[in-house]
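Quick one: this structure, given as structure tokens, is what I'll be asking you about.
The values are calculated or read from the model by the stated rules, or taken from the named source; none is laboratory data. All values derive from a computational prediction rather than experimental measurement. When we count neighbours, we look across all protein chains shown, and the Cβ atoms used for this are built from the backbone with ideal geometry, even at glycine.
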């Protein structure tokens, strides 16, 4: 074999060896990529937490509403509206009997005190919507498990403008007293009405003959 042929064979073996090494590198790279992909693909699936059981529904029996009874009373003096009272009772004492009725007892007591008192079914504000009270006495108190709400409306000028007795009684029982301003149109109208009625009574007396004059 000539020298040139020997060199040609040597170069061919070298190139073949380099190509083999390159293939090994490529195969190793691919194998590594496949292994990495396999490891990534082989990751465990996400664990889904089980849904929590719903909380039990607890039904609490609501306390029954407290019993409320109310009534309204109006008082007339000489045929003219003098006072109207709204009163309500909420709840009942622990020792209340089956026939316990605070509004009935209130009405009976008021009528024993004054025979001119009458029951007003609609309440003072509705029944006498065309009247403006000159003064209001009101309170709310609780005693023995019963809450009492009381409102007294005063309409007569004689009770508010000529005397402070009603105001004194209201304050002494721990209630709030409120009256219209004395320079208001309601006050002036009530004072004028009082003067008119006073003159009318005087005229009626003068027009009636006195039997003792004979």
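Which strands (runs of 3 or more DSSP E) does segment 95-214 wholly contain that include 1 or more residues that are more than 34 Å from the chain's Cα centre (by Cα)? Step through it out loud before you land on a result.
Numbers: elements: 117-119, 135-143, 146-154, 176-179.
Per the criteria, 117-119.
If I ask for residues that are over 23 Å from residue 76 (Cβ atoms) and surrounded by 13 or more Cβ atoms within 10 Å (Cβ to Cβ), which ones from segment 179-198 would you list? Lay out the reasoning, then the answer.
Initial filter on segment 179-198 (over 23 Å from residue 76 (Cβ atoms)): 181-185, 188.
Within segment 179-198, just 184 meets the criteria.
Take residue 144 and decide whether it is farther than 23 Å from residue 158 by Cβ, exposed (fewer than 12 other Cβ atoms within 10 Å of the Cβ) and modelled with pLDDT under 90.
Working: farther than 23 Å from residue 158 by Cβ: yes; exposed (fewer than 12 other Cβ atoms within 10 Å of the Cβ): yes; modelled with pLDDT under 90: yes.
Judged against the criteria, residue 144 is a match.
Do we find that residue 149 is modelled with pLDDT under 95 and surrounded by 10 or more Cβ atoms within 10 Å (Cβ to Cβ) in this structure?
On the way: modelled with pLDDT under 95: no; surrounded by 10 or more Cβ atoms within 10 Å (Cβ to Cβ): yes.
It is false that residue 149 is modelled with pLDDT under 95 and surrounded by 10 or more Cβ atoms within 10 Å (Cβ to Cβ).
Six or more apart or on different chains, Cβ under 6 Å: which pairs go from a residue in segment 153-166 that's without any contact (Cβ under 8 Å) to a residue 12 or more places away in the chain to one that's surrounded by 18 or more Cβ atoms within 10 Å (Cβ to Cβ)? Could you list them?
Going by the 6 Å Cβ cut-off, there are no qualifying pairs.
Looking at the structure I just gave you, is residue 67 in contact with a strand residue (DSSP E or B) (Cβ under 9 Å, 6 or more places away or on another chain), farther than 30 Å from residue 193 by Cα and at pLDDT below 90?
Values: in contact with a strand residue (DSSP E or B) (Cβ under 9 Å, 6 or more places away or on another chain): yes; farther than 30 Å from residue 193 by Cα: yes; at pLDDT below 90: yes.
Criteria met by residue 67.
For segment 91-109, does any single residue satisfy the condition of being without any contact (Cβ under 8 Å) to a residue 24 or more places away in the chain and over 19 Å from residue 68 (Cα atoms)?
For segment 91-109, residues without any contact (Cβ under 8 Å) to a residue 24 or more places away in the chain and over 19 Å from residue 68 (Cα atoms): present.
Any chance you could count how many residues in segment 115-132 are surrounded by 14 or more Cβ atoms within 10 Å (Cβ to Cβ) and free of Cβ contacts under 8 Å to residues at least 40 places away in the same chain?
Matching residues across segment 115-132 total 1.
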